[in-house]
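Here's the structure we're looking at; comments come further down.
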Amino acid sequence: MSKRLVCICNMVTEKEIHAALVKGAKLTTEIQKMTRAGTSCGRCLPWIDSIVEEYLAALPDDPQQRIDFGE
Ligand code: FES
């Protein structure tokens with residue numbers, strides 16, 4: 001996961017958003033609470049939405065295989 005800056009207002013990287021997803025976030029609102037990304041101007045919200053959608057779509061169907069210990 002890249003260290004690309006997703007939220008300029010709050011200096012949140014793509015890697016930090018991915019870490020929040022690994023910790024169990026399933027919604028953009030949860031990402032906002034956990035990282036503060038998207039809580040200022042909101043310009044980054046579509047990008048956060050797409051990161052969340054891509055992450056959830058890549059999860060295996062079997063819940064036992066969804067365990068992701070990150071890096
Ligand atoms: S760029 Fe994320 S809230 Fe402004």
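Readers should treat all values here as calculations from the given coordinates under stated rules, not as data from a laboratory. Given the structure is predicted, the values throughout are model-derived calculations rather than measurements. Cβ coordinates were reconstructed from backbone atoms using ideal geometry, including for glycine residues, and neighbour counts include every protein chain displayed.
Key figures
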quantity: The chain - mean residue ellipticity at 222 nm from DSSP helices (-39,500 (n - 2.57) per run, n ≥ 4, rounded to 500); calculated: -13000 deg cm²/dmol
quantity: Estimated distance in nm for a label pair at D61 and K15, the labels positioned 7 Å out from Cα along Cα-to-Cβ; calculated: 3.5 nm
quantity: Value of Rg/Rh across the chain [Cα atoms, Kirkwood radius]; calculated: 0.97
quantity: Protection proxy ranking of 2-8, 48-54 - average other beta-carbon atoms within 10 Å, highest first; calculated: 48-54, 2-8
quantity: 5 angstrom amide H check on V12, placed H, neighbours 5+ away; calculated: V6, C7
